[in-house]
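Please read the structure below before turning to the comments.
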Amino acid sequence: MKKLNTLVAAAVLSAGLVGCSSSNNTASSTADSSAKADKTITVGATTSPHGVILEKAKDLLAEKGYTLEVVEFSDYPNINPSTSDGSLDANYFQHFPYLESYNADSNYTEGVDGYLVSAGAIHYEPLGIYSQKHESVDEIADGAQIAIPNDATNEARALFLLEAQGWITLADDVNIATATIHDIEENPKNLEIVEIAADQVASKLPDIDFGVLNGNYALTSEVTEDLLVTEAADSEAAKTYQNIIAVREDRKDDEAIKTLVEVLKSDEIKKFINDEFGAFAVPAE
């Protein structure tokens, strides 16, 4: 009987130890999962060049202990809302004037939940004039049809690019973030300027004389060979329209976000951008 009691006690003790071990393993697993989640950065981006650049950055972030998850969007209107509501930790697809327009249109102001800010500028995509009918901007003719993006910031930028070619003259008091076709004071060649969605300009090139395209759409639409001229590297546009990492205001000082920006501004990523995209994407200073 004494031997039996000893065996029973041992069994109970063993079961208790197994239970503790199982409990500890579960707690450890939960903690590991939580830690892993905290080390994951989810970034929304358009496919190229942004998504391509982020893919290149994955290994560099892994070396710093972070897992980068890239969520690619075929167009950009839904990326900022998904960042504002917390579905994404950050996004990489836009320049600062576009971000400002989004905040204003969404009634987001500083301190309001959902307000987005820039965590850092990564690269600049020169806006260009493209054509499948002409080999030079010098071939501009009376009544030529030109397609430009219809969103506010890119439309203004496109008009300044047309003015730089001497095709139109804008009013003196407009700036590169707010100009519209109504600010055209002189149009000596009676150009027909057509405003359409930025992601549709490339598809219209066979039917129009010239189109003004964002670099990312030129890349994804595979019309890079149709480029005739771009914004100058030292232009006001080059300073104004750098593409940024955007985050919720309450996330801008997160260590994960700071590490993401640090990696994307590293010499290795700058070299990759130059080598991979040439004139269509230039690293920010």
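Only the coordinates and a few stated rules stand behind these numbers; no lab work does. Since we're looking at a predicted model, the values are computed, not measured. So basically every Cβ, Gly included, is an ideal-geometry build from the backbone, and we count neighbours across all protein chains shown.
Observations
- Förster radius 25 Å - calculated FRET efficiency between E100 and S266, Cβ distance, rounded to 0.05: 0.40
- Cα-Cα over 20 Å, subset of K64/K265; K39/K271; K133/K189; K133/K204: K39/K271
- The chain - percent relative contact order, Cα under 8 Å, separation 6 or more: 26 percent
- As a length-normalised measure over Cα pairs under 8 Å and 6 or more apart, the relative contact order of region 128-232 settles at 46 percent.
- With the simple model of a label 7 Å out from the Cα in the direction of the Cβ, K58 to V71 spans 1.7 nm.
- Rounded to 10°, Cα long-axis angle of helix 96-105 versus longest principal axis of the chain: 80 degrees
- Helix 255-264 vs. the chain, principal-axis angle (Cα, 0 to 90°, nearest 10): 50 degrees
- Ascending count of other beta-carbon atoms within 10 Å, so fewest first, for R251, R157: R251, R157
- Relative contact order of region 181-270: 13 percent, from C-alpha pairs under 8 Å at least 6 residues apart in sequence.
- All-pairs alpha carbon distance profile, the chain, 10 Å steps from 0, percent: 6, 25, 27, 18, 9, 5, 4, 3, 2, 1, 0, 0
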